[in-house]
Amino acid sequence: DSGLEHGIDVDSTNRRVQCKYCGVILSGGVYILKHHLAGTSFNVEACPNVPEEVKQKFIDLLRTHTEESQKKKRSRYGIDDDNDNDDDEVEQVKKRKGKNTMDCFVTKTKTKNQTTINQIFKKQERDDVCQQICRFLYTRAIPFNCVNNPEFSKMVAMIGKYGVELKQPSYHEVRETFLKKEVLRTMEMLEEYKVEWSKTGCTIMSDGWTDKKRRSICNFLVNSPKGTVFLASIDTSDISKTAQKVFEMLDDIVERVGEENVVQVVTDNATNYKLAGEYLMEKRKHLFWTPCVAHCIDLILEDFEKKLDVHRVTIEKGRRITTYIYSRTLLLTWLKDFTKRKELIRPAVTRFAMAYLTLGCLNENKGALISMFASDKWKSSRFVKADKGKSIESIVMDTRGFWPNVASCLKGALPLIKVLRMVDSDDKPAMGFIYEEMDLAKAKIHENFNNVKKSYECIWSIIDQRWESQLHRPLHSSAYFLNPHYHYSPNFKVNVDVKIGLYKCLERMIPDATERVKIDMQIDLF
């Protein structure tokens, strides 16, 4: 047997063989040795030291042996692949008798799926294919999560279904032929969304971006209950950002979507966009301009830092601590030991939210930071003698000034960050919750300061200034009123602001007075 050339017969009685390459002694004779050398993992571990040519030799040998055995079995039972007559006769018998005649005498038992030799060989082939796919991803620096894209699995399945003769798409086909087809397919999908817009109305969202070279683009998206779709992107680098130009840009997009389909246009709160929104509402009588809630809350947090000295000074000290530690490798290593690998910096949806979340991380790791700066490691290091080191140490060890101020800042900011997370998430449409959530945030701030008016009054003043002048809109009141989550709760209350907002929406969106009366009667029933 060719297998014995690569093994030593240790005990022929008990069929024990030793592999020449790795020295392991195997039970099961030459047959198991062949699987050991081929690396099939068939009831035996693969040999780690076998030469590649020997491994391939035994893979081919075992495959040939398996195919011959299958042919013998088929010929023994008279099975012919090219003749389906026997199968037809069996089917006719089943139809006549309703079931196989032997079923009455045989007890059926569930059998576990066993790995076949073919599957073992396929595993090696699959590994080779997957390795090539991954090599393509690695060499082009494609993010690994692309394999989670449903289109990736569809692509792999279709390639396998096509077979070995598939010719890959050419550069021209990718760049021209199939790109044009995909654009057409996308436009057809967009038509489905347009049908939904005409039924339920939609929101146009404007999102501007500027890079380090001051080049800017403005993306426009359309949201409806069916989902959000990208509509257009405009290069605004050479366009003056005056209110008139912004208005013209927004007006063109409304025209493209259809004025009758648009409920609101959402932009950021910059002065030019606010004025452009007013121009748009003046021309388009039945839609609303609404400022971005996330941007509004970020501006509130920015006002906290600018207008409240405690916030400004505390955030600056927090930045000094994190910058000092994260710019020194040794200190960062110590920090991870003391905090059990917790970070001091937490990314957030906006720049000013990040400043307060960083204060939150500092507060959570307060004990670890104080322990680190009081440790022998710190006291015996070179950092303790430097002016910057002394300054940072004094901030961290200031338990009567810095840390109480951190807690005070968080009492005012965290309730608003909770609202910011809600409006920035895709879990649920936020419009019907904004009005109530802002009230709850103010109530939480009131509670955090133990109902001491002097402590929370300045924070409430900043919030109200932005909320009343920019954020609070009739649509928010109407969405709150019509939200079953609130409307059917025992604590539901309707104040004057909510009623005014609701009727402003009716007046603007429903020009027919008779229709408004009908709706007003139905609201009572609702």
Inset, instruction - Taking Thr322 as the residue in question, decide whether it is more than 21 Å from Leu471 (Cβ to Cβ) and either of a type in the set (Gly, Ala, Ser) or open to solvent by 60 Å² or more (accessible area, probe 1.4 Å) (or both). - result: no
Inset, instruction - Go through segment 390-416 and count every residue that is within 18 Å of Phe338 (Cα to Cα), without any contact (Cβ under 8 Å) to a residue 40 or more places away in the chain and in contact with a Lys or Arg (Cβ under 9 Å, 6 or more places away or on another chain). - result: 0
Legend entry - Unmet requirement for Phe288, which otherwise passes all of (1) farther than 19 Å from Asp424 by Cα; (2) open to solvent by 50 Å² or more (accessible area, probe 1.4 Å); (3) among the aromatic types (Phe, Trp, Tyr): (2)
Inset, instruction - Could you please give the count of residues in segment 454-480 that are under 20 Å from Ala270 (Cβ atoms), part of a helix (DSSP H, G or I) and charged (D, E, K, R)? - result: 2
Inset, instruction - Among the residues of segment 459-492, write down those that are charged (D, E, K, R), touching a helix residue (DSSP H, G or I) at 6+ places or on another chain (Cβ under 9 Å) and farther than 12 Å from Met431 by Cβ. - result: Asp464, Arg466
Inset, instruction - Mind listing whichever residues of segment 258-275 are β-branched (Val, Ile, Thr) and at pLDDT 90 or above? - result: Val262, Val263, Val265, Val266, Thr267
Legend entry - segment 18-49, residues that are in a loop (DSSP other than H, G, I, E, B) and closer than 15 Å to Leu4 by Cβ: Lys20, Tyr21, Gly28
Legend entry - Yes/no for Asp298 being among the acidic types (Asp, Glu), within 30 Å of Ala374 (Cα to Cα) and open to solvent by 10 Å² or more (accessible area, probe 1.4 Å): no
Inset, instruction - Return a yes/no flag: does segment 224-234 have any residue that is farther than 26 Å from Val183 by Cα, in the same structural domain as Tyr279 (by the TED database) and either open to solvent by 60 Å² or more (accessible area, probe 1.4 Å) or part of a loop (DSSP other than H, G, I, E, B) (or both). - result: no
Legend entry - Check on Arg346, at pLDDT below 90, of a type outside the set (Gly, Ala, Ser) and either over 22 Å from Phe402 (Cα atoms) or surrounded by fewer than 17 Cβ atoms within 10 Å (Cβ to Cβ) (or both): yes
Legend entry - Any pair with Cβ under 8 angstrom, 6 or more apart, that starts in segment 174-201 at a residue that is closer than 19 Å to Ala232 by Cα and ends at one that is among the hydroxyl-bearing types (Ser, Thr, Tyr) and open to solvent by less than 70 Å² (accessible area, probe 1.4 Å): Tyr193/Ser224; Glu196/Ser224; Trp197/Ser224; Gly201/Ser224
Inset, instruction - Go over the candidates Glu468, Glu437 one by one and state the one that is in the same structural domain as Leu308 (by the TED database) and modelled with pLDDT of 90 or more. - result: Glu437
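If I go through segment 4-17 residue by residue, how many of them are touching a helix residue (DSSP H, G or I) at 6+ places or on another chain (Cβ under 7 Å), surrounded by fewer than 18 Cβ atoms within 10 Å (Cβ to Cβ) and not in a loop (DSSP other than H, G, I, E, B)?
Keep residues of segment 4-17 that are touching a helix residue (DSSP H, G or I) at 6+ places or on another chain (Cβ under 7 Å), which gives 4, 6-7, 15, 17.
Next cut, surrounded by fewer than 18 Cβ atoms within 10 Å (Cβ to Cβ) only: 4, 15.
After this cut, where a residue has to be not in a loop (DSSP other than H, G, I, E, B) as well, the list is 4.
Within segment 4-17, residues that are touching a helix residue (DSSP H, G or I) at 6+ places or on another chain (Cβ under 7 Å), surrounded by fewer than 18 Cβ atoms within 10 Å (Cβ to Cβ) and not in a loop (DSSP other than H, G, I, E, B) number 1.
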Inset, instruction - Considering only segment 190-210, state which residues are part of a strand (DSSP E or B) and among the charged types (D, E, K, R). - result: Asp207
Inset, instruction - Answer yes or no: is there a residue in segment 241-250 that is open to solvent by less than 60 Å² (accessible area, probe 1.4 Å) and over 18 Å from Thr290 (Cα atoms). - result: no
Inset, instruction - Among the residues of segment 366-390, write down those that are among the polar types (S, T, N, Q), surrounded by 13 or more Cβ atoms within 10 Å (Cβ to Cβ) and more than 40 Å from the chain's Cα centre (by Cα). - result: Ser375, Ser381
Inset, instruction - Within segment 465-483, identify whether any single residue is of a type outside the set (Val, Ile, Thr), open to solvent by 60 Å² or more (accessible area, probe 1.4 Å) and under 28 Å from the mean Cα position of the chain (by Cα), and answer yes or no. - result: no
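The values are calculated or read from the model by the stated rules, or taken from the named source; none is laboratory data. All of these numbers come straight from a predicted model, not from anything done at the bench. With ideal geometry, Cβ positions are generated from the backbone for all residues, glycine too; neighbour counts draw on all protein chains shown. With ligands, DNA and RNA removed, areas are computed over all heavy atoms of the protein, side chains included. Shrake-Rupley method; radii C 1.70, N 1.55, O 1.52, S 1.80 Å.
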